[in-house]
Every structure is written in C-alpha cells, then in structure tokens.
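Here the structure is laid out as structure tokens; the discussion comes afterwards.
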Number of protein chains: 4
Amino acid sequence: MKTIDQALPAQVIRLRPANSHKGTFGRVLIIGGNPQYGGAAIMAASAAVYAGAGLVSVATATVNRSALHARLPEAMMLPYDDPSLPALIQSVDVIVLGPGLGTDATAQQVLTTTLAAVTPEQSVIIDGSAITLIAQQHLTVALPKAVWTPHQMEWQRLSGLAVAQQTPTSNAAAASQLAGTVIVKSHRTEIFTAADSFLNPLGTPAMATGGMGDTLTGILAAFIAQFGHHAGSICAAVYTHSAIAEQLAQDHYVVVPSQLIAALPAYMAQQAKK
Amino acid sequence: MKTIDQALPAQVIRLRPANSHKGTFGRVLIIGGNPQYGGAAIMAASAAVYAGAGLVSVATATVNRSALHARLPEAMMLPYDDPSLPALIQSVDVIVLGPGLGTDATAQQVLTTTLAAVTPEQSVIIDGSAITLIAQQHLTVALPKAVWTPHQMEWQRLSGLAVAQQTPTSNAAAASQLAGTVIVKSHRTEIFTAADSFLNPLGTPAMATGGMGDTLTGILAAFIAQFGHHAGSICAAVYTHSAIAEQLAQDHYVVVPSQLIAALPAYMAQQAKK
Amino acid sequence: MKTIDQALPAQVIRLRPANSHKGTFGRVLIIGGNPQYGGAAIMAASAAVYAGAGLVSVATATVNRSALHARLPEAMMLPYDDPSLPALIQSVDVIVLGPGLGTDATAQQVLTTTLAAVTPEQSVIIDGSAITLIAQQHLTVALPKAVWTPHQMEWQRLSGLAVAQQTPTSNAAAASQLAGTVIVKSHRTEIFTAADSFLNPLGTPAMATGGMGDTLTGILAAFIAQFGHHAGSICAAVYTHSAIAEQLAQDHYVVVPSQLIAALPAYMAQQAKK
Amino acid sequence: MKTIDQALPAQVIRLRPANSHKGTFGRVLIIGGNPQYGGAAIMAASAAVYAGAGLVSVATATVNRSALHARLPEAMMLPYDDPSLPALIQSVDVIVLGPGLGTDATAQQVLTTTLAAVTPEQSVIIDGSAITLIAQQHLTVALPKAVWTPHQMEWQRLSGLAVAQQTPTSNAAAASQLAGTVIVKSHRTEIFTAADSFLNPLGTPAMATGGMGDTLTGILAAFIAQFGHHAGSICAAVYTHSAIAEQLAQDHYVVVPSQLIAALPAYMAQQAKK
C-alpha cells in the first residue's frame, strides 16, 4: 500500500488552458437528497462547484429546491423523480449517486433509474445510502468507472467484512470483487484501484462531523471531471479534502463542511502554482 | 454557590482522539420550531453543529425545512409530527426539547410524544415553551439527565417563585424538587445540580436579544454529546456561551446569535490547546 | 432648522445596563412584505435586529417565511392575514407599518387591522405603501407617536406638495397637520417634530438603491425601542443610517442594504464607547 | 477591431451626482429562471444590484421566490406568468431576457409576452435560452437597443456560423444583420455595434464555470441603466466582469459567480476614484 505523496495535488491540479469553456471542465450531476437529508446533496454540489467543475446539476427531492438555490445559485436542479432524469444523466460526465438518498421506495426507484441510464464511459461515484441499497440487494454493478465511497459500516455491508476485519489485505481482496475503485473512509482512508492501493496520510478528528463524506463526493466528482478518471485524480481529491481540513483545524475545533468548501478555490490555486 | 472557574472550558474541551468518527462526538436532536418560531430551532441546531456535535437532526414544522437547509445543510430534518419521531428520538444521545415549540395543541402533542419516547439514559435539555407547558400542567418529569433552561419568567412558572423571590437559596430548594439540573438564566446565570450549585461570572447585556437562549441549548447539547453528562460539561457550555459573547461585545453593541455561533469553532480550538 | 450634531449618536446610544434582558430593549413588529416585495420586510427586520432591538417579529405574506428565516433566524414570523395579528400588535412596543406592503386589497386590510389595533402609547413608523394608501383615502391617523417616513414622491401624495414645492418651510407647515413626526427622505433628509425641525447633514448617492428606506425603518424602530420615543432617538437613527453608508461608500460604489445592516453593531459599539 | 482600453472603466464609472435617488440609477428587470435554472436569474439580479442599478426586479418561476429573497432581499419578484408582466416591463429602463429561461412552452410564452411589451426606447439584453428560441423560430427582433450575449454555440444558432467559422470578419458581417449590439462570448470576447467592433483583452479560464454568463448580463444591465446605452458602457461592463475575475483568479482556482458579484462595489469604487 502506497502512501499518497504530498506533491500529488500540485501534479494533478493543473493550470487551466487559456482557450477553454465550461464544458472543458466537465458536467457533474449529484443525485441524492431526500426530504430528510436534503443538505447532503447541497453540500456535495457546493463542493463540486467550488472545486471547479464546469457545470453542476442536482437531482433531488422537490422540497430541496429553495434551499439549494439559496445557498448555491450556480447549480441547476431537477426533481429526482422527473421523467427527464435519464436524459440528464446521459448528458453529464460524472455522476454522484447517494448523498442523502435514503433507502425507501423512492430511493430504490432513483437507484434503479440511474443504474439503467448510465453508460460504462461515465464515472459514477456511489456513496452513502446507494451503497447500503446495493449491498442489501446483492446487486452487481458492472461499471468500470465506478468509485465507491463507503465509511466503515457501509463497507461492512458491502464487503461482508466486520469493521475489526477491515485490514488493508482483506479490504484489497474484497475491493477486487467490485468494479472500479473503492475508497474505504476512516481516520486514515484507504483507496483500492484495480492495479494498486493507497493510504491517505492526512485526516483530523475535527472532520468527524455530519456532511464531511458528502463534501468528499463533490470534490471527487470535480477532480475527475477536470483532471480525468484515474488513480491520481482520485487520490488527489481525497488528499485535498483532508489537507484543507487539517489547515482549518489549526484554529477550528470542528471543521464544518461549509467552511471546508469555501476554502477549496484558494487551496487549489496554491497547488496549481507550484 | 461556586463561581465557574475561567479554567473550566480548557479542562472540558479536550483534544479529540485521532481514531474517531461522527458517532464518537454524539447524536443531537433539536425538537422545536413551530411555524411562528422556526428560527429558534435553526439557531439551536446551528449552535450544536458549530460547537462540534457529531450529527445533528432537527424535528420541526414542515414549513421550516427550506430555511433550515439554506442556513445549515449539515443538519438533517424531520417534520415534528412525523410518525417516525419516536424512533428518531431513541437513536440519539442528546435531545433538546422546546426552542420555538409554542404552546398550542401541536406543541402539546410533540411534548407528549417526546416524553414518552425518551429513556432515562438520554440527556434531555428542556427549554422555552416546553417548560411552560410542563409547568401549566403540573407534569412531573422523572428523567435523571434532564437539564432545565428557564429564564426568570419561565422559572417562576416552573418553581412558583416570583422573580423577586429567586434568591440562590430558594432557587436551590426549588431545583432540588426537579429531576436533573436546572439552569436559571439571567444576567448572572445560576446552575443547580443534585449535588452542587454554580454561578456564571460572565455575561453581557449585549446578549439580551432574541435567540440567545436557543443558542445556549445547542451549545449545551454539543458539550454533553462530546464531553459527557456532568456538571463540568454543563458549566463549561454556559461559560463558553457568555465568554464568546463578551469577546464579541467588545466591538459589537449587540451580539447577534448567528455571529456568536460562527465564533464557536475558533473559541473551542483556543481552549483545547491550553 | 437645526443640523443634527455629529455628537448625537454617542449621546443617544448608551452603554447597556448590566442587569437587563430582552424585554429591556423593546419589542418590534415589522408589518409588510407582500408576495412581490417580501425583501423589504426582511431588510427592515434585519436592520432592527442588528441595531439592537430586543425581540423582532415580522407579519408578512406566508410565502416570505422561508426567505426570512434563511436570512434572519433571530426574527419571529406571523402571516399578516392571521387572525392573531391584532394580539401580536398589542404585545409590542414599536410597529413598522408599510415596507413592501403594496396597495392591493390585502394591503388595505392589513392597514385597517393595524390602525384599529394600535394604541396611542405605541410608536408606529408609517412607511412606503402605507403612506400611499393613507394619502389616497385621505385618512387621518391620530397617533401621537406616529413617525412618517415618506420619500419625496410619497410626501407629495401625503402633503399635496409637489416635489419642487417641498421647501423646509412648506414641509414644516404640512408636517404640522399630521400627528407625530415626519421624516422627509431625500439626499438631505429633513425631520419635523411637533416642536422642532432637523436637517441630516450626511448622506451619499451610494445609498440610492432599493431597500435603503426599508433599512432606515428598522433602525428607527430599534432606536425608539431601546432609547425611547423622542427627537434625539429619531435623529440619531437617521444620522446613523447615513454615517454608516458614508463609511462604506469610501470603498463601495454602491452601498447594498445588507452590507449596511451588517455594519450596525460595530458602529453602535464605537458610539457607545465615546 | 479595437481592443478595449484599460482606462475605459474609469471613464465610464462616474462619481454619482450628490442630488440623486434610486430612479437616477435606473430600473432593471431580469426575466428568466424556470424551475430547473432558477439560480441563473438570481445571479443576474445579484450582479445588477451589486453593480449599482437603482431598482432591480425579477420575473421568474414562482418556485424561485424563496431562494431569490434569501440571497437578495434587495430585489423585487413577480412570477413570470403573472398577467401584470407587460406593465412591469413597461415601467423599467433595462430588461434582461433569458437567463435560465429554458425553451419549453412557458419560456416561449414569456418570450412572446416580453417582445410584445417592450418599446424601442428600452434596452433589452437577450441572453441564453432566449437567443436559442429566437434562432429556432427565425424571429426578427427589431429593437435598436437590443444587446445580444451569445456564447459560441448560441452564436452558431443565431448567425448560422459554425464555431470554426466565427472569425472577427464573419462575426461582424453576421452581427450587422441583427438590430443592436452583439457580444460574442469566448475566452476573448468580441463586441459588435452598428458602427464598430471591440475585443476584450481580458478573461481567465477560472471564469469557465456555470453562471458566469448570467453574471455578465446583470453587470451589463446595471451599467446601461446608470451610464447610458452606448458602446462605452457595454465595453466597460464586459471589461469589468473579466477584470474582477482576473483579480480573484490570482488566488482562486475557480472564480465562483457569487464571489465575483460580491467584489463589484469595491472594484467600481476604485475605478470611480481614478
């Protein structure tokens, strides 16, 4: 298992080409946010915008529209039960499925619609309740550009490994059974690609607060949208999330996701100049 | 009556353990916010998030969802008349009952549901209208981890002591008739536990503005969730609330609750480093 | 006509008494904000909170609830067509009637309800559309603590004086026909009490933007609620509004009301220390 | 083709006359924001307010009211399908038609209503979906004060020129077939008036993010409303938008529209002092 190098973000976060437009930096769609957990989709979308994705849309429960636009007018919004969801899915480059989705019948329907609409060329970050639903139903997701982002309990549901059994070796073995990349989130997050495995050396207990995982999904989506779908982008996103949190934790007892999100453009500018 | 020592916050607000997760820092549920007083629940929840509670949910009137998420996407939201409220109550560590709840039939029903669902192991901060309802109906609340937060008029209703009669001695006697801890809020707040009584030496008239009490309940909930249910946590929460207000009051004629809340992570980081 | 002295704010904005509570600093009710002009009531209420009023409520169209609480959880909210409006009116110290109220049948009903509910002991700031409605119907408002805040066109409707005829002398004569105090807003605002008249020496064209008048009403309400209903409070409120705007205009081409409101606590703290 | 001179903003952005009022700085109406793209209208309106327009209204889908007022209480709001839209259009100086309008039947109806209501004396900025609708239907818009703001794909639809064919010479020829001024947005934006053509020398790839075009329309509207409808105002608005973005891009990897909008009053104050 390789430790992510502190030089990686500066290698991945490139100076932008002069002749570019919104499309150059990718289209991201966040699918999640039921009436109880609407904030999760808002935080994921905010992270994607502030991490530089070109265009960000959110498919969420209708009741979340006002709060989304009040915080983030930069994002577009479609009710997640709208018949045009499949068409929207097919128009984007990166999909985040799961933040605040829940596990009820509506969530199940959104999951089914999404998995039917995505194509193997698309990156799909599978998070939170979507992992739980997939695990419960023993679904096989054959998407080569899947990125799974379970925390330890979700990873137990998905892999069958109890938290105490989640060693790097057993995690790697279980991850190899899944298509794509697996990010097992803990205070020292591990990343498993088909070819390799990586350890995130950063992370602070000040990050242990609701919404941090949603925020990571938005950063991952923006990095893949801008810098490509490869291990370097994914590891740089994980590292960036923790590096900003460590900076903020120097004078914040808890790092609230909204504050981490606001700090993204400045951190990324520093890296791009290196 | 002991005066809270200025060294207490630094003793209570500990450096977080490295290997931790959201659950380590506790689950808080704010129950309150009717259609007229929705802001009270939003301020209590915001204070809980910014004071470091691991996960914060709000049970409130449905009409308050948009405003809650627009200000605080970090919190989860359930309508307070949802049938799953008892299950949510039983899944958390600390409950705040009362900010902006009102005293009508809906408020009464929420109060009844909550008191029936909580267990003696749970901390329950009883605030505002919930105190008024309990006093009006001469209810006995037999919860050992209750924390009552009346202001002087609410304390009069609950204890039968007119404001002019609220001396430390008579307050202590009345508090001993109630289960748990009583915080009698005034410009010099007093705290009565089963074993002891404490005086808050801080407080500024710049705090005399709507929402300050709601903010205190959120800080109390977060401190109990993170640092345990004991007199030290409770006194440190009361002291922290006033200490931040005194700092802000040096150059703010009035300390608006939203500004006090935003200052929590920095104040707590300073204390944790001491 | 006397020019307001620059020392006045420091004389009016007193250090707060240590032993005080929310009620000490007054209850303010903003009545306004129809579905088209909801922001006006939000700005007036925000100014009242940030200028130090103890408790602020807003009676407005139901559709404005979410935006009000998203910006200002510190305020309470009642639909302005709720049957309990008269009771709420009678429970407060200062009423602002008119920001964004409009002139349709609902506005008329709110005006009628309000004028029937207020008592001569209450301060009532009459602004915007409320002035227009009263002028159109040739109503006589016999409230000794009325404060009228017309801009020049509204003053024309109310006084019958065309803008070109609005000299200090003719304004004073027309104002003496009305109960209470008249504030004729222009780039050099004039204030007419029963006994005297005053000129505001400050004001900047950077203030010529939508919402500035609403903001003034909130400051007026908070000053009267805290410092009493007299010419000094009223003149200090007008001066404070312009003084902050002049400070901000040094490096802002336009002073947006939200920015002026945010600067109130610091300005008032500076004055109180003098 | 002339390059916009860096001295232009300071020439256009004048010190405001002392004796002025809201009307002096113009009335702007933003028409756009369907249920999916509500943020676009919010960003355009925010830019208009912060760039100094005297009064700003928004005609948008009813579902966008809460988010608009939560972010921008300074603006007024009318549902875009309200029968009073034509009267509102006729009461303003500058209209922005198109941000987030979409292309469905409702959008078509709003377009038809608007084009029927505007008069040749009014400035109309035609943006986004409005351009697409007009191109699809081969409509001729005979408004001398039209300002078209297509990006390259919209310009292809409107002019028939494929992106690769969009040279200054062919753009000028195509623009001369349209009434008014054409702003072809790219990383080096070109501006075509009846008499002349201009190149914007500024612009950064940090601007390539959703909402930047909406933000430009608001700045254009405010500049025309304050400084008049002429090539200087229009070029200064385009230059200002890019100049602020370049400043922010020095330490922000992506310039989020909300941050650019917040920086408008300070940039304009600097220019006005030169």
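Odds and ends about this structure:
- Charge-dipole axis of the range D:2-272 as Lys and Arg at +1 and Asp and Glu at -1 on Cβ define it, positive-most pick from D:Leu97, D:Ala18, D:Val28: D:Ala18
- Helical segments meeting 20 Å axial Cα length and Kyte-Doolittle 0.0 threshold in chain C (DSSP H): C:212-227, C:231-249
- Ellipticity estimate at 222 nm from DSSP helix runs (n ≥ 4, -39,500 (n - 2.57)) divided over chain B, nearest 500: -13000 deg cm²/dmol
- Rounded to the nearest 20 debye, the dipole size of the range B:125-206 about its Cα centre is 40 debye, using +1 on the Cβ of Lys and Arg and -1 on the Cβ of Asp and Glu.
- Low-density loop positions, trypsin sites (Lys or Arg not before Pro), the range B:1-103 - DSSP coil, at most 14 other Cβ in 10 Å: B:Arg14
- Other protein chain C-beta atoms within 10 Å of residue C-beta, averaged over A:50-57: 4.
- Here is how far apart the C:Pro120 label points are across copies: 6.2, 6.2, 8.8 nm, shortest first, using a point 7 Å from Cα toward Cβ.
- Averaged over peptide B:202-215, the number of partner chain Cβ atoms lying within 10 Å of each residue's Cβ comes to 6.
- Using only side-chain charges placed at the Cβ, +1 for Lys and Arg and -1 for Asp and Glu, the dipole size of the range A:2-272 relative to its Cα centre rounds to 280 debye.
- Cα gyration tensor shape for chain D, rounded if a/c is under 1.5, else prolate or oblate: rounded
- For the peptide C:15-22, the mean number of other protein chain Cβ atoms found within 10 angstrom of a residue's Cβ is 6.
- The alpha carbon gyration tensor of the protein assembly as shown gives principal lengths a ≥ b ≥ c with a/c of 1.5 or higher and a/b no greater than b/c, which makes the shape oblate.
- Label-to-label distance for A:Thr140 and B:Gln90 is 3.9 nm, based on points extended 7 Å past Cα in the beta-carbon direction.
- Entries of A:Lys22/D:Lys185; D:Lys2/D:Lys185; B:Lys185/C:Lys22; C:Lys145/C:Lys273 with Cα pairs more than 19 Å apart: C:Lys145/C:Lys273
- Extension reserve of the D:Thr3-D:Gln165 stretch, reckoned as 0.36 nm per residue once the Cα distance is removed: 56.2 nm
- Packing order of peptides B:248-261, A:110-123, highest average first: B:248-261, A:110-123 (average count of other Cβ atoms within 10 Å over each peptide's residues).
- Pseudo-label separations to other copies for A:Gln11 - Cα-to-Cβ vector, 7 Å, nm: 5.1, 5.1, 7.2
- Projecting the Cα atoms of B:Ile131, B:Gln108, C:Ala107 onto the dipole axis of the protein assembly as shown, where Lys and Arg carry +1 and Asp and Glu carry -1 at the beta carbon, places B:Ile131 farthest toward the positive end.
- With the charge dipole of chain C set up from +1 on Lys and Arg Cβ and -1 on Asp and Glu Cβ about the Cα centre, the Cα lying farthest toward the positive end among the listed residues C:Gln271, C:Val163, C:Val118 is that of C:Gln271.
- Placing unit charges on the Cβ atoms only, positive for Lys and Arg and negative for Asp and Glu, gives the protein assembly as shown a dipole magnitude near 1520 debye about its Cα centre.
- Each label point was placed 7 Å from the Cα along the Cα-to-Cβ direction; for A:Gln152 and B:Ala105 their separation is 4.9 nm.
- Across identical copies of the chain, C:Val163 has label-point separations of 4.9, 4.9, 7.0 nm, listed in ascending order, with the point defined 7 angstrom from Cα along Cα→Cβ.
Read the figures in this text as sums done on the coordinates, not as results from a lab. Just so it is clear, the model here is predicted, and its values are computed rather than measured. Note that we place each Cβ from the backbone using ideal geometry, even for glycine, and neighbour counts take in every protein chain shown.
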